[in-house]
Amino acid sequence: MYEQSINDPVPFWTPIAKQFHWEEPWTTLHASNFDRNAGPVSIKWFDGAKTNICYNCLDRHVLNGHGDRVAFFWFGNEPADARTVTYSQMLERVQRFANVLKALGIKKGDTVAIYMPMIVDLVVAMLACARIGAPHSIIFGGFSAEALSERIMDARSSVLVTADGAFRGTKFIDLKSIADTAMEKCKTRGFEVTHCVVSLNSGDKAPHSVNMVQGRDQFFHELEATAELECPALWVDAEDILFLLYTSGSTGRPKGVVHTHGGYMVWTATTFKYTFDYHPSDVYFCTADIGWITGHSYIAYGPLLNCATSVMFEGIPTYPEADRYWAIVEKYKVNSFYTAPTAIRSLQRFGEEMPKRHDLSSLRVLGSVGEPINPEAWIWYHDVIGNKRASVVDTYWQTETGGHVITPLPGCTPMKPGSASLPMFGIVPAILDKAGEELSGKAEGYLVIKQSWPGQMRTVFGNHERFELTYFSQFSGAYCTGDGAHRDEHGYSWITGRTDDVITVSGHRMGTAELESAMTTHPDVAESAIVGVPHEIKGEGIHAYVITNPGVETDVSKEKELKMHIRQEIGAFATPDVIHFTSGLPKTRSGKIMRRILRKIAHYEEDSLGDISTLADPSVVQELIDSRPKLQ
Ligand code: PRX
């Protein structure tokens, strides 16, 4: 299949795509240009076709007689909170909510911001957007008011769908208060969110009642209850925007990655089916949050397009106890389970006793995503969770790729712990050296993809030039992933991590430039440089070098204050592990910070600093080594 997918894409993709409903057929299956010298970069799949992904996720299955199939087993933060929702129920709710959005003035092309916890209303809201051709822009519920407001403004979303709040373990996340602050920030910056729809999730359990602003805020359930039942899916172009999702790069502010109805549909459905070897009647459980791409592609769209039954989980793996995932696997007899290495490593710490409490024999496929998985965690996952029987699929992909691009297929690809193995259908990876020369055989270098695939991002929202510069300028004629990879003698890929200034902390991707600019908005900070450091559980941690303004006391309380500042600017998941006060940074004579040196010092690798003679002031290196905070 792989050979055909790259040599003969038309006969490969045509029968796959025809499993979906296209109101009008495509005129061209695929056309793309990756070469900036030959004109603007453009990527088109199923061009000319009309379809709607929401119709393909819901109506198609209900019309085929699968309306009673469970779409989601929803499980709340409290183990007593469990609900089941079928495909027909989803269809009814989505139609009503699509009518709600229309009544709020949302038309095709208008973006809708969604800031919600892991509840079924979130999927209802996103599919309702898709149904009427309104791109959704989901902002992860862990982002701060500042980050939320920036994303609302960038996408100019006049409607925000949120919830009163959510419990994560015993901690209450006051989503609506954060959303209120974000909407206020938008207003003072000249943009108004005119409608805010609030799902009542925490209700009476919340520490305080939810603040509702008259004329702007309305309850989700009240609007839904009075909305018309029917709302036929709008037929949109295959290349119309389905959603934007903000992600971090090495420079500038986060960018809105754009995916479209047609290609993303075919890609997420196909990768879900093959990577998880999905069969009807299987139960699938992905622990990601829908606020990130994994949740978009492999909690919402991929499974729904396959009429799959999924578990959707609102809580955290350690509440009430650290066996929560394993209890869920046993309760719903989960066949495929998908999580991140950071979760595996943290659960591994609780020992084998936790998984041994439960019958995990239903598990057949175990997925990993978001960061390289170290062989030790891989082996524990395979041996203890998978009882040495289940296949482990280490799926390498990105927000930009829409779905898996390098991954083993269960039962088909021989596994090697720590390797994402071989390319998915239609993916032609290559390893390049710094000069852009393709390396053959066993090699290590920059990972690029040479040919377009259906789920590839199409542009950066509102900034096509940034799209071209970010992904197609470093190496001409290929999509640059930003990752390094090593290819072994069997052609297996081993992802070595980012080659740019992006770090991945607990699977959350962030740009060091974005963290630095957040740090320097603190009035006491003159300059900051941030690097990633290896971290046992999180994969990477954050080491922040900070130069304060003259006269500022650099003590423990300032350290705490700066950490809190980052939480407020971005979110708790971006809190630095180390604040390293210094009076200078290693700069070249032209003023460029030499990050290589900062990394070496933060990694305790000063033995291999390399040449420091080009620094404007080499003495700063010793100061940095001496002032390094003790490892905790
Ligand atoms: O560095 C790679 C890492 O995560 C980055 C993509 O992050 P994001 O867009 O947030 O998407 C995460 C979920 C797909 C990649 O550039 N990454 C993702 N999966 C793997 C990985 N690194 C190694 N192995 C993986 N399986």
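The values are calculated or read from the model by the stated rules, or taken from the named source; none is laboratory data. This is a predicted model, so every value here is computed, not measured. Cβ coordinates were reconstructed from backbone atoms using ideal geometry, including for glycine residues, and neighbour counts include every protein chain displayed.
For this structure, a couple of remarks:
- Residues in the range 381-438 that are of a type in the set (Asp, Glu) and surrounded by fewer than 16 Cβ atoms within 10 Å (Cβ to Cβ): Asp383, Asp433, Glu437, Glu438.
- Qualifying positions in the range 319-351 - surrounded by fewer than 16 Cβ atoms within 10 Å (Cβ to Cβ) and within 23 Å of His535 (Cβ to Cβ): Arg349, Phe350, Gly351
- Applying the condition of being in contact (Cβ under 8 Å) with a residue 60 or more places away in the chain and surrounded by 22 or more Cβ atoms within 10 Å (Cβ to Cβ) to the range 270-288 and asking which residue is farthest from Phe20 (Cα to Cα) yields Ala288.
- Looking across the range 124-142, the residues that are touching a strand residue (DSSP E or B) at 6+ places or on another chain (Cβ under 7 Å) and not hydroxyl-bearing (Ser, Thr, Tyr) come down to Ala125, Met126, Cys129, Ala130, Gly133, Ala134, Pro135, His136, Ile138, Ile139, Gly141, Gly142.
- Some residue of the range 562-581 being free of Cβ contacts under 8 Å to residues at least 12 places away in the same chain and not β-branched (Val, Ile, Thr): yes
- Flag if Val85 is surrounded by fewer than 20 Cβ atoms within 10 Å (Cβ to Cβ) and either within 28 Å of the chain's Cα centre (by Cα) or hydroxyl-bearing (Ser, Thr, Tyr) (or both): yes
- Of the residues making up the range 356-379, just one is farther than 25 Å from Ala420 by Cα and surrounded by 15 or more Cβ atoms within 10 Å (Cβ to Cβ), namely His358.
- Selection within the range 7-27 - touching a Phe, Trp or Tyr at 6+ places or on another chain (Cβ under 8 Å) and not aromatic (Phe, Trp, Tyr): Ala17, His21, Glu23, Glu24
- Qualifying residue in the range 608-615 (condition: hydroxyl-bearing (Ser, Thr, Tyr), in contact with a Lys or Arg (Cβ under 8 Å, 6 or more places away or on another chain) and more than 20 Å from Gly511 (Cα to Cα)): yes
- Matching entry among Glu561, Glu569 (being over 16 Å from Pro629 (Cα atoms), of a type outside the set (A, V, I, L, M) and exposed (fewer than 15 other Cβ atoms within 10 Å of the Cβ)): Glu561
- For the range 23-41, a residue qualifies if it is in contact (Cβ under 8 Å) with a residue 60 or more places away in the chain and not aliphatic (A, V, I, L, M), and the qualifying residues are Glu23, Glu24, Trp26, His30, Ser32, Phe34, Asp35, Arg36, Asn37, Pro40.
- Residue list for the range 293-335, filter: farther than 16 Å from Ala80 by Cα and among the basic types (Lys, Arg): Lys333
- All positions within the range 298-324 that are closer than 30 Å to Leu242 by Cβ, away from the ligand (no atom under 16 Å from the Cβ) and of a type in the set (Phe, Trp, Tyr): Phe313
- Set Glu536, Glu559, Glu527: member being under 26 Å from the mean Cα position of the chain (by Cα) and either within 16 Å of Thr512 (Cβ to Cβ) or not basic (Lys, Arg) (or both): Glu536
- When the range 387-403 is filtered for residues that are within 8 Å of the ligand (Cβ to nearest atom) and closer than 17 Å to Lys273 by Cα, the ones remaining, listed by number, are Asp394, Thr395, Tyr396, Trp397, Thr401.
- Scope the range 242-300; condition of a type outside the set (D, E, K, R), over 22 Å from Lys331 (Cβ atoms) and modelled with pLDDT under 95; matching residues: Ser248, Gly249, Ser250, Thr251, Gly252, Pro254
- Residues of the range 31-46 satisfying the condition of being more than 14 Å from Tyr264 (Cβ to Cβ) and either surrounded by 15 or more Cβ atoms within 10 Å (Cβ to Cβ) or of a type outside the set (D, E, K, R) (or both): Ala31, Ser32, Asn33, Phe34, Asn37, Ala38, Gly39, Pro40, Val41, Ser42
- The one condition in (1) over 24 Å from Thr162 (Cβ atoms); (2) assigned by the TED database to the domain that holds Ala166 that Gly48 fails to fulfil: (2)
- Residue count, the range 427-452 (criterion: touching a residue at least 12 places away in the same chain (Cβ under 8 Å), in a loop (DSSP other than H, G, I, E, B) and more than 22 Å from the chain's Cα centre (by Cα)): 8
- Selection from the range 7-55 of residues that are of a type in the set (Val, Ile, Thr) and out of contact with any strand residue (DSSP E or B) (no Cβ under 8 Å at 6 or more places or on another chain): Ile16
- Restricted to the range 238-297, the set of strands (runs of 3 or more DSSP E) holding at least 2 residues that are more than 16 Å from the ligand (Cβ to nearest atom) and in contact with a helix residue (DSSP H, G or I) (Cβ under 7 Å, 6 or more places away or on another chain) comprises 283-286.
- Restricting attention to the range 360-374, the residues that are free of Cβ contacts under 8 Å to residues at least 40 places away in the same chain and either within 11 Å of the ligand (Cβ to nearest atom) or β-branched (Val, Ile, Thr) (or both) total 1.
- Residue under evaluation Pro417, criteria (1) free of Cβ contacts under 8 Å to residues at least 24 places away in the same chain; (2) within 16 Å of the ligand (Cβ to nearest atom); (3) of a type outside the set (Gly, Ala, Ser), criterion not met: (1)
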